Structure formats: C-alpha cells, structure tokens
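The values are calculated or read from the model by the stated rules, or taken from the named source; none is laboratory data. Worth saying up front: this structure is predicted, and the values here are computed from it rather than measured. So basically every Cβ, Gly included, is an ideal-geometry build from the backbone, and we count neighbours across all protein chains shown.
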Amino acid sequence: MLDMLIVGGGYVGLSVAVATKQAAPHLSIAVIEAAPDHVWEKDERASAIIAAASRMLDVMGLWDEIAPQSQPINRMIVTDSRTADPVRPVFLTFDGEVEEGHPFAHMVPNVAMVRALRRACGELGIEIRHGASATGFVAGSNAASLTLSTGEVLESRLVVACDGVRSKLRDMAGIRTVRWDYGQSGIVTTVEHERPHEGCAEEHFLPPGPFAILPMTGNRSSLVWTERTEDANRLVAADDLIFEEELQRRFGHKLGTLSVVGGRKAFPLGLTLSRAFVAPRLALAGDAAHGIHPISGQGLNLGFKDVAALAETVVEADRLGLDIGALTILERYQTWRRFDTFRMGVTTDVLNRLFSNDIGPLRIARDFGLGVVERLPKLKSYFIGEAAGTKAKDAPRLLAGQAI
C-alpha cells in the first residue's frame, strides 16, 4: 500500500510528489499519468512563475536548473484601447521587482520545468506510471482503492487529484463544482520579433478580451490572446499570412516585424471552482480544484500554492504520527486554500467582465481607476506584492523560501 498516490503528472502533480518526498523521505509516493511518456517534451508553451513560486522551486533544489532558461519580467505596462486605435495610451506601469534584484515573476519554458521535476522524481525514487488513467475510486476507512484503465487496483492512504479542470477523479468522489463559460478562448503561441523586449510584459485590454505579451529569452515573446470563441477558432484555422497579419494588428510595431515560431492553439476559457477541495482519502490540487481566467496570469501559481499548503499539511501530520489521509487532516488544507482561491476566482471574473467590452461608461470608469493606481506608488507596490505572492501573512513555508 502506498502512502500517497497522485493522479496527474503535470507541474502540480509532480511538485506535490517532490515537495512531500523531500520533507518526508520514508513516505511511499507514486504518480499516475494518462499521457504517454515523452509527450511533455513537445510542449512549446511557457508559464509565468511568480516570486513566491520560484522561492518554492529554489527550496526544492530545482531553481538553479530552471533559472538559466527563464526570462525575468522587469517591467509591466497596461493599456486599454480598441484594436484599430492608432495609439494605445499606457494607463498603468509596474516595476518588476518585489525586492532589489528579485523580479516579481519569470517566464519559464514548460519543458524546462517538467524536466527538472522529473529528474527530482527519479532521484527521490518516485515512480511515474504512464499510459493509465483512473476509472474507479473508493474511499475506505484506512485507505482508498484506485482502479486504473489497465485493470490494476492500487491502494493508498491518500490520493491527490491533479488531473485537470475536467477532473474525472473529482467527479468519481462526488465533489461538485461551480462553473460557467466566458464564451472566450485563449490563443497561445510564441513569436519572434526584430527588437529586444528588455524584459517588459504588456497587457492590452481590447474589447474581445486581454492580449498579453510575455517576454521570453532572446527576441521572443509568449502570447495569450483572448478572443470570442468563434473568432479564436477561425484565427487558429487561418493560414499563416492571415494569422500573422491579425496578430501584428494587436501586437503593434514597437518590436518590429513578427513571425510565429511555435504552434498555435486555442483553449476555451471559463471559471471552475470546486465546492470542496477534499473528500475522505482525497485532496484536489491545481486545475482539479480551480480553473480561472488567465487575465491575471495566476492559474499555475494558484496550483503551486496548493502544492506548498498540501505538502506542509501532509508532512506535519505524518511527523505527529497522524493519518495523512484522514478527513480531519485534509480539512486543514482545505481551510488554508479555499478562501484565497475563491477570492482570486472572483477577482479574475470581475476583471474580465469589466475589461472585455467596449461600453463607453465602463471604459471611462476603468481607465480612471487605472490612472488613480498609477499615481499612488504605495498602492502599486501593494498590488505587485500581492501578484508576486510575497504579501500573504499565512503563506506556507515553501512559498516563503523555507523548508518544511
């Protein structure tokens, strides 16, 4: 029987495994991943990692491997305009440091992050099983039984669902969600440009949704381009010439001529919040617990906060000789994470509704609000600290840069 069985071998699932095993080496931990091995090596995307998450990865001994491939975000600007406007006035700017020499975020290639996590799993003796998914879950008094698509049945004191926003394991446990669709999709791609970005990230609020330009190493940027779903599907299906022409209209000419250097995909956007984060012998983490709009770039970082809180909850319970899968223990994790997740979900929902439109009075009000924030340095400092995850008073130790 295992101590911890994690379903989902993405960034969150692997991080839960590594963080827990490092702090409690005697616990037996395994990861189940439905995708075939080596599929992760084809991921061309990059993710924004806030300062608190990079602290956690540093404590886990991974950041030195990841950092050379990452791009610090040194500055951020926010504009609000229409697509056809010849000038995009900047309403808000943020310096990118939470402390001297420490940027509030980095752009990290997904491949680099998964490679470091998988190496750590190998060194710690954490088994990763590929090509199997969960088809049955039964919680018992002392352990849970997980049936795999291969027919094998595994038993574990604790099962952690990290199997995405449409989590089958969450459904099997009877955990309900609150969910709605925004009618938007996010187009994700990578572009190369003539001139250097100098580590500056840009968020252009356009009527269909935000258009985010996130700096990567070299003269490259990662884009998260929000459009109405029907328009996004049309753009992804268009030929390269039309796609790049539409892209240049939104990107602007500040960095010169653009060329798409990665694949392009559209992902439907919505809000999904689990009504509970735990059930007997089960904990949800990452997108299985919450899926939010990418307008704030906090989706993966919410998952890393789950990792830090869950690992600390499990390890402390184990040190006290308690049952790590008992509902009373798991409810501590739920209490720690649910309010922060709900708050972020509501915040991104309100921001998306406020900025993804072309309603005159709303435009005047939001631009006035951005202007007020721009003129108040202490308020800007507070917002950047919140975004970086460095202001939370009850943050788990890993997010504060401390070992569990």
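Which of the strands (runs of 3 or more DSSP E) found entirely inside the range 19-92 contain at least 1 residues meeting this: in contact (Cβ under 8 Å) with a residue 24 or more places away in the chain and among the hydroxyl-bearing types (Ser, Thr, Tyr)? Write out each step before concluding.
Values: elements: 29-33, 46-50, 75-80.
Ranges flagged: 46-50, 75-80.
I need the full set of residues from the range 10-30 which are over 30 Å from GLY385 (Cα atoms) and either touching an Asp or Glu at 6+ places or on another chain (Cβ under 7 Å) or of a type in the set (Asp, Glu) (or both), in order please.
Listed by number, the residues that qualify are ALA24, LEU27, SER28, ILE29, ALA30.
Checking ASP58 against (1) surrounded by fewer than 18 Cβ atoms within 10 Å (Cβ to Cβ); (2) closer than 24 Å to ASP394 by Cβ; (3) more than 18 Å from the chain's Cα centre (by Cα), which test does it fail?
ASP58 satisfies every listed condition except (3).
Please return the ranges of strands (runs of 3 or more DSSP E) entirely within the range 167-217 where 2 or more residues are charged (D, E, K, R) and more than 30 Å from ILE6 (Cα to Cα).
Working: elements: 177-193, 200-206, 209-216.
Counting at least 2 such residues, we get 200-206.
Scan the range 274-287 and give yes if some residue there is closer than 30 Å to VAL90 by Cβ, assigned to a loop (DSSP other than H, G, I, E, B), touching a strand residue (DSSP E or B) at 6+ places or on another chain (Cβ under 8 Å) and not basic (Lys, Arg), otherwise no.
no
For LEU330, are the conditions met, namely being assigned by TED's automatic domain parsing to the domain that holds LYS305 and modelled with pLDDT of 95 or more?
For LEU330, the condition - assigned by TED's automatic domain parsing to the domain that holds LYS305 and modelled with pLDDT of 95 or more - is met.
Before we move on, is VAL18 crowded, with 19+ Cβ neighbours inside 10 Å, aliphatic (A, V, I, L, M) and either over 19 Å from ARG157 (Cα atoms) or modelled with pLDDT under 95 (or both)?
no
With respect to LEU124, determine if the residue is out of contact with any helix residue (DSSP H, G or I) (no Cβ under 7 Å at 6 or more places or on another chain), closer than 30 Å to HIS38 by Cβ and surrounded by fewer than 21 Cβ atoms within 10 Å (Cβ to Cβ).
no
Here is a check on your reading of the model: is ARG363 farther than 29 Å from LYS21 by Cα, surrounded by fewer than 20 Cβ atoms within 10 Å (Cβ to Cβ) and not β-branched (Val, Ile, Thr)?
yes
Can you find, within the range 301-340, the residue that is farthest from GLY13 (Cα to Cα) among those that are of a type in the set (Gly, Ala, Ser) and touching a residue at least 60 places away in the same chain (Cβ under 8 Å)?
If we take residues in the range 301-340 being of a type in the set (Gly, Ala, Ser) and touching a residue at least 60 places away in the same chain (Cβ under 8 Å), then GLY325 is farthest from GLY13 (Cα to Cα).
Run ILE329 past the list (1) outside any helix (DSSP H, G or I); (2) more than 17 Å from the chain's Cα centre (by Cα) and report the number of the one that doesn't hold.
Looking at each condition in turn, ILE329 falls short on (1).
Any residue that is closer than 23 Å to GLU316 by Cα and either out of contact with any Cys (no Cβ under 7 Å at 6 or more places or on another chain) or loosely packed, with under 13 Cβ neighbours inside 10 Å (or both) - is there at least one of those in the range 367-388?
No, the range 367-388 contains no residue that is closer than 23 Å to GLU316 by Cα and either out of contact with any Cys (no Cβ under 7 Å at 6 or more places or on another chain) or loosely packed, with under 13 Cβ neighbours inside 10 Å (or both).
Every residue in the range 258-285 that is small (Gly, Ala, Ser) and within 17 Å of LYS305 (Cβ to Cβ), please.
SER274, ALA283, ALA285
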